[in-house]
Amino acid sequence: MKILFTGASSFTGFWFIRELNATGHQVTAVFRRRPEEYPDEVRRQRAVLATEACRPVHGYSFGDEKFLGLIKEDGWDILCHHGADVTNYKSPDFNTVAAFGNNIHNLPAVLETLRGAGCGRVLLTGSVFEGGEGAGSQGLPDFSPYGLSKALTAQAFRYYCGRAGLSLGKFVIPNPFGPYEEPRFTAYLMKNWLAGATPNCSSPSYVRDNIHVSLLAKAYVQFVQELPASGFTRINPSGYAESQGSFTLRLAREMGPRLGLPCPVELKKQVDFPEPRIRINTDPSDADALGWDESAAWDELAHYYRRLHVR
């Protein structure tokens, strides 16, 4: 398949491109910047490695004139819109309206140009933290202004794809973890263990859905390949749907023998619950059918962080 892909320098986008390429698809990936222009090291690394698995085009943004010209350039089988405005996405002051506008910039023209070029399928990436997604508690609210921007983006895509007569798929991401991610919880644990320290989990009672990014990437490729030619299709791939305390202990069990370290951890007593207690995805991922090796994924995680922190 010939695939036009946005959001290639993101953590999940990088893994999706690599898996699409490994499966034999031809990916043209849109980058707003060249690798050396990204401000943080891990994104620069991802951008460099991603360009080895795709035809990169730099200096393009979703919906701009150059992007529309790119759509007309070749016979695309599908547009995978993985890119999203994530500037300060953890902040309560995240600009939902501006992000929503950037995510759907010139969307009607993009879809009409796609249809005119003979491309009838679009795949949008969503988040389990959007209002109404997955399963959980407190009525499935938007987790944050960022989650709201993603929910609004999905609604706009569904409306405009329907109006243009294009097939739309939505691939809903839970909590991915793995090599080349930003320094979040898993990275915090690994850095401390490799330094001989004892990290803690401050929110062990939250129930979340953590998934190996390599498994998520395989599920993504299968969804791309099987997306119907019409209508709306959604998948909510699930990994380890469990409490954050259980997931922390799982990591410690898997990393201990691989790192040759005790990997101790302190589970704090959680008394504050500013977020919904439970939010998980609903479609269990069939590792065997996807050809995914769980043990090899844990090995890869240990190798990556050992290389990163042990000199």
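The values are calculated or read from the model by the stated rules, or taken from the named source; none is laboratory data. Since this is a predicted model, take the numbers as computed values, not measurements. Cβ: placed from backbone, ideal geometry, glycine included. Neighbour counts: every protein chain shown. Side chains are part of the model used for accessible areas, which takes the heavy atoms of the whole protein and leaves out ligands, DNA and RNA. Shrake-Rupley method; radii C 1.70, N 1.55, O 1.52, S 1.80 Å.
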Conditions (1) modelled with pLDDT under 95; (2) in a loop (DSSP other than H, G, I, E, B): number failed by residue 105: (1)
Does at least one position in the stretch 123-131 carry a residue that is within 18 Å of the chain's Cα centre (by Cα) and over 21 Å from residue 13 (Cα atoms)? yes
Working carefully through the options 66, 72, find the one that is touching a helix residue (DSSP H, G or I) at 6+ places or on another chain (Cβ under 9 Å), within 22 Å of residue 160 (Cβ to Cβ) and open to solvent by 50 Å² or more (accessible area, probe 1.4 Å). 72
Check on residue 164, over 30 Å from residue 265 (Cα atoms), in contact with a helix residue (DSSP H, G or I) (Cβ under 7 Å, 6 or more places away or on another chain) and touching a residue at least 24 places away in the same chain (Cβ under 8 Å): yes
Quick one: which of 267, 259, 249 is open to solvent by 40 Å² or more (accessible area, probe 1.4 Å), in contact (Cβ under 8 Å) with a residue 24 or more places away in the chain and over 30 Å from residue 25 (Cα atoms)? 267
Of those in the stretch 270-286 that are in contact (Cβ under 8 Å) with a residue 40 or more places away in the chain and more than 18 Å from the chain's Cα centre (by Cα), the residue surrounded by the fewest Cβ atoms within 10 Å (Cβ to Cβ) is 273
Determine whether the stretch 169-185 contains at least one residue that is polar (S, T, N, Q) and open to solvent by less than 20 Å² (accessible area, probe 1.4 Å). no
Complete set of residues in the stretch 135-163 that are in a helix (DSSP H, G or I), more than 17 Å from residue 98 (Cα to Cα) and open to solvent by less than 40 Å² (accessible area, probe 1.4 Å): 161
Quick check, is residue 118 at positive phi, part of a loop (DSSP other than H, G, I, E, B) and free of Cβ contacts under 8 Å to residues at least 24 places away in the same chain? no
Could you grab the pairs with beta carbons closer than 9 Å, sequence gap of 6+ or different chains, first residue in the stretch 290-311 and on the phi > 0 side of the Ramachandran plot, second one modelled with pLDDT of 95 or more and surrounded by 13 or more Cβ atoms within 10 Å (Cβ to Cβ)? 291/218
Considering only the stretch 295-307, state which residues are over 19 Å from the mean Cα position of the chain (by Cα) and open to solvent by 70 Å² or more (accessible area, probe 1.4 Å). 299, 303, 306, 307
Criterion first (at pLDDT 95 or above and either over 30 Å from residue 24 (Cα atoms) or out of contact with any strand residue (DSSP E or B) (no Cβ under 8 Å at 6 or more places or on another chain) (or both)) does residue 202 satisfy it? yes
Does residue 97 qualify as being touching a strand residue (DSSP E or B) at 6+ places or on another chain (Cβ under 9 Å), closer than 18 Å to residue 159 by Cβ and of a type outside the set (Lys, Arg)? no
When the stretch 1-42 is checked residue by residue, the ones that are of a type in the set (Lys, Arg) and free of Cβ contacts under 8 Å to residues at least 40 places away in the same chain are 32, 33, 34
